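The next block holds one structure in the form of structure tokens; read it before the comments.
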Amino acid sequence: EEEALGFARVRNALLALVQHGVCDGRAHPQAANNDAFKGMLQVYAVDIEEVLVRLRFPQFLEHCYYTYGEVSHELLSVVLKHGRVSAEFAIAEVKRVYDQMFSRDGGATISEGDLEEEFGRLVTERLLRPVEPSGASSSSS
């Protein structure tokens, strides 16, 4: 038996799609004419190209692993998992994983400087690109 699609599930799905850059929300045209609806009514659009790109994530990760190494692969994995993160978050997350792994195995860990360098290389090589924070207002000229 199927359960009803509730508001919370739809809201959470839309938030995830917006954060991953797959879906874009804009104010409904009627919201401009009625103060009671301002900020409430939204219209959402799905970017089909972004959906199709998601199908290639495994190939991106494999290419990254064999071309740039394990550390870059881990950084890219964090970004793809969360959709949109700061460099600081991705670096901290990978550092935490490496620290746990190396403390268990008794080896040396990786430095934040090395992680920052690898993250920068992913941006330079255009595997990652800087974007505005999710929900940031953009000025149009």
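Things worth noting here:
- Segment 44-78, residues that are open to solvent by less than 50 Å² (accessible area, probe 1.4 Å) and under 25 Å from G113 (Cβ atoms): L61, C64, Y68, G69, V71, S72, H73, L75, L76, S77, V78
Table: residues versus (1) touching a strand residue (DSSP E or B) at 6+ places or on another chain (Cβ under 8 Å); (2) at pLDDT 95 or above; (3) aliphatic (A, V, I, L, M).
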{"position": "H28", "(1), (2), (3)": "yes, no, no"}
{"position": "L41", "(1), (2), (3)": "yes, no, yes"}
{"position": "R54", "(1), (2), (3)": "no, no, no"}
{"position": "S111", "(1), (2), (3)": "no, no, no"}
{"position": "E125", "(1), (2), (3)": "no, no, no"}
{"position": "E132", "(1), (2), (3)": "no, no, no"}
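- Residues satisfying the stated conditions in segment 79-109, i.e. farther than 26 Å from V131 by Cα and either of a type outside the set (D, E) or touching a strand residue (DSSP E or B) at 6+ places or on another chain (Cβ under 6 Å) (or both): Y98, Q100, M101, F102, S103, R104, G106, G107, A108, T109
- For first residues located in segment 62-89 and not assigned by the TED database to the domain that holds S111, partners that are of a type in the set (D, E, K, R) and in a helix (DSSP H, G or I) and lie 6+ apart or on another chain with Cβ distances below 6 Å do not occur.
- So L17, is it open to solvent by 60 Å² or more (accessible area, probe 1.4 Å), in contact with a Cys (Cβ under 9 Å, 6 or more places away or on another chain), at pLDDT 75 or above and of a type outside the set (S, T, Y): yes
- Among (1) touching a residue at least 40 places away in the same chain (Cβ under 8 Å); (2) open to solvent by less than 50 Å² (accessible area, probe 1.4 Å); (3) in a loop (DSSP other than H, G, I, E, B), the one test that I110 misses: (1)
- Among the residues of this structure, S103 does not count as one that is over 15 Å from the mean Cα position of the chain (by Cα), closer than 24 Å to V18 by Cα and either modelled with pLDDT of 95 or more or open to solvent by 90 Å² or more (accessible area, probe 1.4 Å) (or both).
The values are calculated or read from the model by the stated rules, or taken from the named source; none is laboratory data. Computed from a prediction, not measured in an experiment: that's the story for all the values here. All Cβ positions, even for glycine, are placed from backbone atoms using ideal geometry, and neighbour counts span all protein chains on display. Surface areas here come from the heavy atoms of the whole protein model, side chains and all, with no ligands, DNA or RNA. Shrake-Rupley method; radii C 1.70, N 1.55, O 1.52, S 1.80 Å.
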